[in-house]
Amino acid sequence: MMIELMDITKSYGSEENLYPVLRGISFNIQDGDFVVLLGPSGSGKSTLLNVISGLERPDSGRILYDNTDITAMSDEELTFFRKEYVGFIFQQYYLLPNLTVDKNVKMGADLAGNRNYRQIIEAVGLVDKMDKYPSELSGGEQQRVAIARALAKKPRILFLDEPTGALDEETGRLVLDYLCRLREEYRFTMLMVTHNNNIAEMAGTVIRMNSGRIVDRYNNSTIKSAYEIGW
Amino acid sequence: MIIQIKDGIKLIAISIISCCAVFVCNLFMNFNIDIARIKGLISNPEVMTFYEAQLTMSRVTCAVSGGCLLLTSVIMLFFYIKHYIDSHRKELGILKALGYSNIKIAKGFWVFGLSVFTGCGLGFASSYALMPLFYKVMNPDVPMHFNIILALYLVILPAVFFCGLAIIYSCKKLKRPVLDLLRDRESSYAGKKRRKEQKDKEQSFIQDLKQATVKGRPALMFFIALASFCYSSMMQMSFSMDELSSRMFAVILIVIGIILACTTLFLAIITVVNANTRSIAIMQAFGYSWKDCSGAILGGYRLLAYIGFAIGTIYQYLLIKSMVSIFSKTSADIPEYKFDTKSFVVVLISFVIIYELVMRRYSARIKKISIKEIMLK
Ligand SMILES: Nc1ncnc2c1ncn2[C@@H]1O[C@H](COP(=O)(O)OP(=O)(O)OP(=O)(O)O)[C@@H](O)[C@H]1O
Ligand SMILES: [Mg+2]
């Protein structure tokens, strides 16, 4: 799916004290690309991610997915759109605490009618933790459950907000490596927000933000693997 | 100390329930004491049996309503304390890490008994407003007195009892390894038995979540069943009372029934929704519709509510039947009591309507939850 952003703006705050977070953002994401979004804290990366993925509405501008404008959708349509196309991986994992690993992944699988979701649990190396609760897992394991959950719903586009932010170097590399391999296998588009400049070397496209604007955008000629980048 | 007086006072549900309990008990106990005072003056054996019957009935009413409400308040107190410890486990863990003993921290939990004190005090005072009318209806020949000893039994002792109970229970709950508290781990889920996991594997995720939500909080199961039990039994009883004895009883029962049912129902639902805000937000982000979400979070309690209603119906039938049999010993003109189908239907329909409306109101609240809310936390 090709994604087109056209002059997106978004502000927070009250009428008289309006604080612009996104100040006119336009770019395209090609189908199957791996895009990394970089920028200092508070520059609006998470907000942009939420807006593109249909979790929040922009104040103005259009977001086209293969020429369908999601900003014109009703809440119900938007929910349905997310169900059909979008997967998320959040920094804080956000697993459901009262369900086991298996059932957490099933949450994603059920949305896509995916009956073979246990393959994905296997792929992220958690078969032996299937019946554990999230509180019994390490941070890296929890993140892998979140990845499995997102992939089990067979998304066309996967959004990741600092997926390695809470992980140490070793588990961070492991998780990134999984993601890249799974992307090749399942062929989805990936948009990742990160603080880690090194991760940009793994991406096809890099976008740099500052104060709600895009300040730089380039394509990498050589793409490195998770074990070739610095940390 | 980190537990403040206001933490103790804001347990409004406990206050309301103890208020109801003391209100009813004080009416009957005051009447009982006064009746006992004039008992010696009665010579006519017929009047005597009537008085005895009244005594028995007040005792039964007191024991039943007081007992039920006491049990409910105790469970609610435990529920609040557990909830408080769970949501403040970081601070409590730090205190323990610094070397505070369990008992030293637990001592601060006495404030949770304050809500009982305010509730009982309020119920005690307000029952005197109704007392003259109550005496007139029960037996106008009994002169009314203010029996100060009841303030001890109905206000002071319950408050002290609940303060003590709060300390003992919290001490028991604090007996957890410090790291368990400090780490942001919801230990309540870890280490749970997983026997049944295998069996129910192939149902849908929504079904799984529904079951896990209900089973995760047994206290809330109890509250929801209790709410419908109270509504069902008190409302139906009040219709029968209206025919059998007096309008005043009917009104007392209706008011108490509605207050109890609403308090427990709202307490339960608000807790369920708040505790699952995060799960709901994630599910909505993933593309589950809000109907799916509210079905999974709230839908599991519907069966319990109807079971509570059924038990309430049976309970009130048996209770009134036994009361009528007590009275029919004293006078012959009391008709035999039969199950009142008409009031059953009316109460059932009103129950269904109210229950579904409340659920819809909270589904609407669920609809408004957004992922942004939890990200900012
Ligand atoms: N709901 C909100 N209400 C008010 N202000 C908000 C809200 N959400 C975000 N902001 C503000 O918008 C700005 C951008 O936030 P955003 O989360 O997009 O930054 P970010 O680039 O992801 O930062 P970080 O790298 O720290 O995650 C911040 O200044 C933040 O305070
Ligand atoms: Mg961010």
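The values are calculated or read from the model by the stated rules, or taken from the named source; none is laboratory data. The shown structure was predicted, so the numbers you read here are calculated from the model rather than taken from an experiment. Cβ sites come from the backbone with ideal geometry, for glycine too, and all protein chains shown count toward neighbours. All accessible areas refer to the heavy atoms of the entire protein, side chains included, with ligands and DNA or RNA removed. Shrake-Rupley method; radii C 1.70, N 1.55, O 1.52, S 1.80 Å.
Please work out the average accessible area per residue across region B:203-377, using the 1.4 Å probe convention, and give it in Å². Walk me through the numbers before you get to the answer.
Working: 7840 Å² over 175 residues.
Accessible area per residue: 45 Å².
Treating only the Cβ atoms of Lys and Arg (+1) and Asp and Glu (-1) as charged, compute the dipole magnitude of region B:1-186 about its Cα centre; round to the nearest 20 debye.
For region B:1-186, the charge dipole is close to 940 debye.
So if we plug the beta-carbon distance of residue B:144 and residue B:36 into 1/(1 + (r/R0)^6) with R0 = 22 Å, what FRET efficiency do we get, rounded to 0.05? Intermediate results must be reported in sequence, preceding the final value.
Values: r = 14 Å, r/R0 = 0.62.
Once rounded, the FRET efficiency stands at 0.95.
Estimate the FRET efficiency between residue A:74 and residue B:203 by the formula 1/(1 + (r/R0)^6), using the beta-carbon distance for r and 41 Å for R0, to the nearest 0.05.
Values: r = 31 Å, r/R0 = 0.75.
Step by step, r from the Cβ atoms, then E = 0.85.
Going from most exposed to least, what order do A:22, B:71 have by accessible area with a 1.4 Å probe? Walk me through the intermediate numbers first.
Details: A:22 5, B:71 100 Å².
Greatest to least solvent exposure: B:71, A:22.
Efficiency by 1/(1 + (r/R0)^6): what FRET value for residue B:373 and residue B:98, r their Cβ-Cβ distance, R0 = 41 Å, to the nearest 0.05?
On the way: r = 33 Å, r/R0 = 0.81.
After rounding to 0.05, the efficiency reads 0.80.
Charges only on Cβ, +1 for Lys and Arg, -1 for Asp and Glu: so what's the dipole of region B:297-368 about the Cα centre, in debye to the nearest 20? If you can, show how the numbers build up before the last one.
Working: 10 positive and 4 negative charges, 120 e Å.
That gives a dipole near 580 debye.
Tell me which trypsin sites (Lys or Arg not before Pro) from region A:140-221 have a DSSP coil assignment and no more than 13 other beta carbons within 10 Å of their own.
Working: sites: A:144, A:149, A:153, A:156, A:173, A:181, A:183, A:187, A:208, A:213, A:217; in loops: A:153, A:156, A:187.
Passing both the DSSP loop test and the Cβ count: A:187.
Given the DSSP H assignment, sum -39500 (n - 2.57) over each helix run of at least 4 residues in the protein assembly as shown and divide by its residue total; what's the result at 222 nm in deg cm²/dmol, nearest 500?
-19500 deg cm²/dmol
No solvent, one uniform scatterer per C-alpha: report log10 I(q)/I(0) for chain A via the Debye equation at q = 0.10, 0.16, 0.17 1/Å, two decimals.
With one equal scatterer per Cα and no solvent, log10 I(q)/I(0) is -0.45, -1.16, -1.29.
Using Cα-Cα distances under 8 Å and only pairs 6 or more residues apart, what relative contact order does region A:1-132 have, in percent? Display every interim value, and only then the final one.
Values: 145 pairs, mean separation 27.3, N = 132.
Relative CO of region A:1-132 lands at 21 percent.
Report for region A:3-219 the percent antiparallel among DSSP-assigned beta bridges with both residues inside it, nearest 5. Could you put the intermediate results ahead of the total?
On the way: 21 of 38 bridges.
About 55 percent, rounded to the nearest 5.
What per residue convex hull volume, in Å³, comes out for the protein assembly as shown when only alpha-carbon positions are used?
Details: hull volume 113.7 nm³, N = 608.
Value for the protein assembly as shown: 187 Å³ per residue.
Putting +1 on Lys and Arg Cβ atoms and -1 on Asp and Glu Cβ atoms, find which of B:363, B:162, B:250 reaches farthest to the positive end of the dipole of the protein assembly as shown.
In the protein assembly as shown, that residue is B:162.
Starting from the Kirkwood Rh over alpha-carbon pairs, what translational D in µm² s⁻¹ does chain B have by Stokes-Einstein at 10 °C and 1.306 mPa s? Mind showing how you got there, number by number?
Details: Rh = 23.3 Å.
Diffusion coefficient, whole number: 68 µm²/s.
Would you mind computing the Rg to Rh ratio of region B:203-377 from its alpha-carbon coordinates, Kirkwood style for Rh? Let's see the in-between values first.
Working: Rg = 20.0 Å, Rh = 17.9 Å.
We get a ratio of 1.12 for region B:203-377.
Using a 1.4 Å probe, what is the accessible area per residue for region B:1-63, in Å²?
Spelled out: the 1.4 Å probe surface of region B:1-63, per residue, equals 47 Å².
What is the set of long-range amide H partners of residue A:60 at a cut-off below 5 Å, with H atoms built 1.01 Å from backbone N?
Residues meeting the amide H criterion: A:9.
Which residues make up the longest stretch of chain A clear of GluC sites (Glu not before Pro) that lie in a DSSP loop with no more than 11 other Cβ atoms within 10 Å, not counting the sites?
Values: sites that count: A:15, A:16.
It works out to A:17-231.
Would you mind giving the total buried accessible surface between chains A and B, with a 1.4 Å probe and ligands, DNA and RNA left out, rounded to the nearest 100 Å²? Before the final figure, lay out the partial values.
Details: alone 11220 and 19710 Å², together 27720 Å².
Separately minus together, A and B give about 3200 Å² buried.
When the distances between all Cα atoms of region B:1-186 are binned every 10 Å from zero, what whole-number percent does each bin get?
9, 31, 24, 16, 11, 6, 2, 0
How many Cβ atoms of partner chains, on average, are near each residue of A:99-107 if near means within 10 Å of its Cβ?
Working: counts 9, 6, 0, 3, 7, 3, 1, 6, 9.
Taking all residues of A:99-107 together, the mean is 5.
What is the antiparallel percent of DSSP beta bridges lying wholly in the protein assembly as shown, to the nearest 5? Mind showing how you got there, number by number?
Numbers: 21 of 38 bridges.
Rounded to the nearest five, the antiparallel share is 55 percent.
For residue A:88, which sequence-distant residues (separation of 5 or more, or a different chain) have an amide H within less than 5 Å of its own amide H, given hydrogens modelled in the peptide plane?
The list, which skips near neighbours in sequence, is A:159.
On the protein heavy atoms, probe 1.4 angstrom, tell me the percent of accessible surface of the protein assembly as shown carried by carbon and sulfur. Mind dumping the intermediate values first?
On the way: 16440 of 27720 Å².
Here carbon and sulfur together make up 59 percent of the probe-accessible area.
Taking the Cβ of residue A:2 as the center, what net charge do the other residues with Cβ under 10 Å away carry, scoring Lys and Arg +1 and Asp and Glu -1? Before the final figure, lay out each step's value.
Details: positive: none; negative: A:4, A:31, A:33, A:66.
Here the count lands on -4.
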